[in-house]
1. If you take every DSSP beta bridge fully contained in region 527-677, what fraction is antiparallel? Give it as a percent rounded to 5.
2. Could you give the angle, 0 to 90 degrees to the nearest 10, between helix 259-271's Cα long axis and the longest principal axis of the Cα atoms of the chain?
3. So, for region 231-305, what is the accessible surface per residue at a probe of 1.4 Å, expressed in square angstrom?
4. Give the distance, in whole Å, between the Cα centre of region 274-334 and the Cα centre of region 555-575.
5. Positive end of the dipole of the chain, charges at C-beta (+1 Lys, Arg; -1 Asp, Glu), about the Cα centre: which of Ala512, Met348, Ala574 has its Cα farthest in that direction?
6. Using the Cα atoms of region 238-388 to build a convex hull, what is its mean projected area in square nanometres?
7. Quick one: with all protein chains in place, what share of the accessible area of region 245-404 is carbon or sulfur, to the nearest percent (1.4 Å probe)?
8. Over region 56-157, what is the relative contact order in whole percent, taking alpha-carbon pairs under 8 Å and six or more residues apart?
Amino acid sequence: MKKILVAIFCMALSIVKAQNDGWNIEVTDNSEYTGLAISNGRIGMLTSPKPLEIQHIVLNNVYDIDPDLKVSQILHGMNFGNLDMYIDGEKITEHNISNWKQTMHMQEASFTTSFEFKDKAKISCTIYALRNVQYTGYIDIKVEARKRLDLKVAGKISIPKEYQKPTNTYQVLKDVETTMPILQSKAMSPFGKHLVSTSGTFIWHAINSSREHKRPELTHTINNDYENTLSFEKKIAKNEVLEFAWTGAQCTSKDFSDPKSESERMVIYNLLNSKEVLLMQHRKLWSELWEGDIEIEGDLTSQQDVRLALYHLYAFGRGDSDLSIAPMGLSLQTPYNGHIFWDTELWMFPPMLLFNQDIARSLVNYRWDRLAPAKQRAINYGYDGAMFPWESDDTGEEATPPFALTGPFEHHITADIAIAFWNYYRVTKNKVWLQEKGFPVIMEIADFWVSRVTENVDGSYSINNVVGANEFAPNVNDNAFTNGAAITALNYAEKAAETLGIAPNPKWKKVAKNIRILRFSDGTTREHSDYNGEIIKQADVNLLSYPLTIVNDEKSILKDLEYYEPKLSKEGPAMGKSIFAVLYARQGDVANAYRLFKESYVPNQQKPFGALSEVATSNFSYFATGAGGMLQTVLFGFAGLEFADEGIIQKQPVLPKEWKSLIIKGIGPEKKTYRVE
């Protein structure tokens with residue numbers, strides 16, 4: 001098929017179509033269930049197969065302590081997303097409903113569960129993590145009565161049992177004639193680090209004002225110290241439809257000096273705004289995010305898979321937060337404790353930099369905000385400059401469990417950060433940011449690598465005793481990716497200095513030119529000085545060809561691909577084969593590229609929605625790192641996009657025979673569209 005490349009300005013976002021199309025994933029079987037994260041970049045709610053429930057809520061950048069490893073751990077908040085519903089005195093459960101269906105609406109970032117209760121009612125429940133009111137969730141409920149019903153609904157705040165000193169209250173606040181019923185729970189986080197406050201209330205869409213006499217009577221019940229409820233009862237006539245919402249807000253002392261009052265204010269804000277206004281603002285913000293989109297014609301499965309990956313990266317990030325994205329985003333507390341790894345800079349950042357420079361700015365500013373502890377860490381280990389932690393939390397200090405060798409030795413993270421910083425400048429051309437934030441970080445990283453290398457008798461430089469990207473090989477010398485990333489960071493430091501009219505440190509260039517890249521006798525790049533063909537966890541050497549350009553001739557690229565692909569562990573992470581797919585696409589081998597694209601994520605998809613887990617043998621998801629790898633195959637492989645000093649360019653796109661066309665929308669500050677046919 002002939003490939004046609006056209007760059008045009010982006011067009012309007014597509015209208016949502018029927019269910020189970022390119023924007024909606026509909027499922028009816030929950031016999032095996034891994035949920036999706038309904039998130040707004042600040043809170044994440046994990047869906048549940050059970051009616052009117054979510055599994056838990058994750059709070060971004062709020063850390064307590066891992067009870068087993070005694071390192072920091074992102075906090076599971078109080079759960080305000082569960083309701084109890086009774087019809088004619090019988091509680092609705094997963095065991096007494098039929099025609100269960102769930103739909104992930106990616107375009108508007110909402111999640112609907114619908115079901116029937118006997119022959120009495122049809123019920124639907126749609127969950128939103130409001131993008132516009134970022135510490136809140138909104139649950140919209142519709143009850144369609146098929147018979148006369150006695151309905152009872154209880155909204156709940158459930159406090160994790162590990163929390164300390166829980167207190168539960170209910171009060172009706174009043175200002176002039178406006179009354180505001182507020183259910184509230186407060187407690188200290190499990191190890192007493194933060195005060196957490198959660199407020200909730202019901203919203204009645206049919207009531208224009210919130211005067212007390214127009215509402216159903218509300219009953220407050222404290223079931224126990226860890227469950228606070230607010231309920232109402234209502235008789236519904238046959239064929240009558242009742243629509244209402246439950247909203248919750250969760251604030252902590254990490255972000256607010258008075259989380260109690262702020263959680264109340266946010267719930268009141270949702271209570272006294274109409275559903276139409278709140279959801280219009282939420283949808284508008286998501287519409288702006290989806291200006292960056294990928295359209296695949298001719299393959300609905302790939303379209304849904306790719307959009308679900310892009311949805312999760314958008315859902316886990318915010319352009320106004322200066323926060324980063326953990327490997328599991330805001331879906332899970334474990335594994336990885338919500339810490340920030342190289343996963344952000346190498347895997348998630350490149351797609352975000354193409355599509356959304358605001359989120360990309362937050363990701364790099366997260367590291368800028370933690371430059372001071374990185375500089376102190378370098379001093380602590382006897383180096384110059386800045387040495388960023390392998391696992392970072394809110395403090396910016398090393399958060400890796402002490403038993404893991406990655407903490408003291410996986411140093412390529414520091415180079416990865418410099419590479420992301422320079423790419424951010426290349427795309428945005430924001431020289432003020434480069435001067436104030438970008439270059440200070442890049443410079444300190446370059447100085448670190450100058451102090452980190454060891455000079456050899458022949459004048460070359462080695463980087464010894466590291467853990468590389470292939471973590472199966474700890475404490476090795478001259479690891480390929482570590483050395484290549486250091487070379488690239490040093491070269492970028494020189495470019496950044498020259499861009500600002502600053503004389504670069506001459507040691508940067510000298511060291512960069514002389515760091516070793518090892519090879520076998522036949523020219524294949526050697527992963528490290530002791531490497532002799534062992535199984536590898538994930539791509540390491542091949543990263544020198546993409547995203548780096550250290551190994552850049554076709555013969556060497558193919559030689560490394562053919563040598564290392566058979567060495568990839570079957571238990572490796574989801575993104576491992578993405579690099580191979582990108583490289584084959586760039587060599588014009590679209591068949592191998594598409595094969596590896598599918599192998600990079602399909603085995604890791606979990607039923608029923610296709611949520612990505614890190615490895616095929618687990619159901620920990622959603623694995624945002626794998627999403628980043630999958631998206632890079634499409635963007636930097638099939639679409640042929642590339643970061644260059646002049647910005648975002650396109651080289652040689654290729655189209656899998658399984659697809660009719662590939663359209664990439666909203667690329668770069670100009671929001672260009674690239675079409676491959």
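1. 90
2. 70
3. Working: 3300 Å² over 75 residues.
Accessible area per residue, region 231-305: 44 Å².
4. When both Cα centres are located, 31 Å separates them.
5. The residue sitting farthest along the positive end of the dipole is Met348.
6. On the way: hull surface 58.3 nm².
Its average projected convex-hull area is 14.6 nm².
7. Numbers: 2450 of 4970 Å².
It is 49 percent, rounded to a whole number.
8. On the way: 181 pairs, mean separation 26.1, N = 102.
Relative contact order, region 56-157: 26 percent.
The values are calculated or read from the model by the stated rules, or taken from the named source; none is laboratory data. Quick caveat, the model's predicted, so the values are computed rather than measured. When we count neighbours, we look across all protein chains shown, and the Cβ atoms used for this are built from the backbone with ideal geometry, even at glycine. For the accessible areas, the whole protein counts, side chains as well, though only heavy atoms, and no ligand, DNA or RNA atoms are used. Shrake-Rupley method; radii C 1.70, N 1.55, O 1.52, S 1.80 Å.
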